[in-house]
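Below is one structure, written out as structure tokens; the observations come after it.
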Amino acid sequence: MSASGGSKAIVAALLANTGIAITKFIAFLLSGSSAMLAESVHSVADSGNQLLLLVGGRRARKAADSEHPFGYGRARYIYAFVVAIILFSIGGVFSLYEGVSKLQDPHPLENAWLPIAVLLIAIGLESFSLRTAVRESNHVRGTQGWIQFIRRAKAPELPVVLLEDVAALLGLSFALFGVGLTILTGDSMWDAVGTIMIGVLLVLVAVVLGLETGSLLVGEGASVDDERAIRHALEGHDNVTRVVHMKTLYLGPDELLVGAKVIFESGATVEHVAATINELEVAVRAAVPIARVIYIEPGLERVSAPR
């Protein structure tokens, strides 16, 4: 994922959510709708999440030093994981609490037209944010389906923004459902039900985000296609007999570590092996440009002793 593409989607989501959060809070204060309060907190959490993603991207660009010799690329994973925690705690749990409280102590809506108007405007703004995220994701997802893209993406920003925007649109629909039925029936129970639906949705999205970013934090290897391309680059050299083993690890979304043990032809000199390793590194980087840290361990083909 290009940094510019991810940043563009994040900024679009940040601007949309900040404006939406302000209008939702105003609507909540004037109407007393618990669904509007839940959606207000949801938008505030989303805005904070986008700021965290921008900070994570900036920290990840720090140059490697003695304390972090492989750089700070994984900072993007850490901040994305924090986003999942915030979405779960501030967004999901608060919404569930507010919905249950409204069920226990219902109160009628005031200025009921205002939440409807705000929700419709918010749906338009969130649709713009989602459109931006989808457009930027299409530049990098290739032939992958959306579920596969979210599960396999090594850069966390676009999947996070996509899931947040989809959750936001669904949450707005739930709030519209709750407020609309409350207006039609005069029973504020529906406002509470809409709030609980929002809470359940946010908890589910947070769990998905937590699992996916947690996997990246633990450490994931190259995709099947990239691993195949790297192995082909190694085995395609005339002086390499075979690859004994190979391991890969993402140091960050845009940086892959490759370690391999390769067998050279028997009788190769040290100078010949060293020159071949340099050529192999060039070939691997040409095949998979993000393979920036490469360690190749040489081995020699054993010649069986005559009987």
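Structural remarks
- Its alpha carbons considered, the stretch 125-219 gives a radius of gyration followed by a Dmax of 16.2, 53 Å.
- Karplus-derived HN-Hα couplings along the stretch 147-158 (A = 6.51, B = -1.76, C = 1.60, θ = phi - 60°), whole Hz, x at Gly and Pro: 5, 5, 4, 5, 6, 9, 4, 8, 8, x, 4, 5
- Annotation: lysines with alpha-carbon distance below 29 angstrom to residue 62 (same-chain offsets under eight excluded): 8, 154, 247.
- Cα-projected label distance for residue 113 with residue 139, points at 7 Å along beta-carbon direction, nm: 4.3
- Spacing of the two label points (7 Å from each Cα toward its C-beta) at residue 58 and residue 131, in nm: 3.0
- Once the C-beta distance of residue 66 and residue 218 is scaled by a Förster radius of 30 Å, the resulting FRET efficiency is 0.75 to the nearest 0.05.
- Charge context of residue 116, other residues only, Cβ under 15 angstrom, K/R +1, D/E -1: -2
- When +1 charges are put on Lys and Arg Cβ atoms and -1 charges on Asp and Glu Cβ atoms, the dipole computed for the chain relative to its Cα centre reaches about 420 debye.
- This ranking places 109, 170 by how few other beta-carbon atoms lie within 10 Å of each, fewest first, which gives 170, 109.
- Residue exposure sequence - 189, 246, 197 - by fewest surrounding Cβ within 10 Å: 189, 246, 197
- Modelled FRET efficiency - R0 22 Å, residue 270 with residue 244, Cβ distances, 0.05 increments: 0.70
- Sorting 151, 285 from the fewest to the most surrounding beta carbons within 10 angstrom yields 151, 285.
- Separation of the residue 231 and residue 104 label points, Cα + 7 Å toward Cβ, nm: 5.8
- With the charge dipole of the chain set up from +1 on Lys and Arg Cβ and -1 on Asp and Glu Cβ about the Cα centre, the Cα lying farthest toward the positive end among the listed residues 248, 149, 134 is that of 248.
The numbers here are math on the coordinates, done by the rules we state, and not lab data. Values in this document were obtained by computation on a predicted structure and should not be read as measured data. We place every Cβ from the backbone using ideal geometry, glycine too, and count neighbours over all the protein chains shown.
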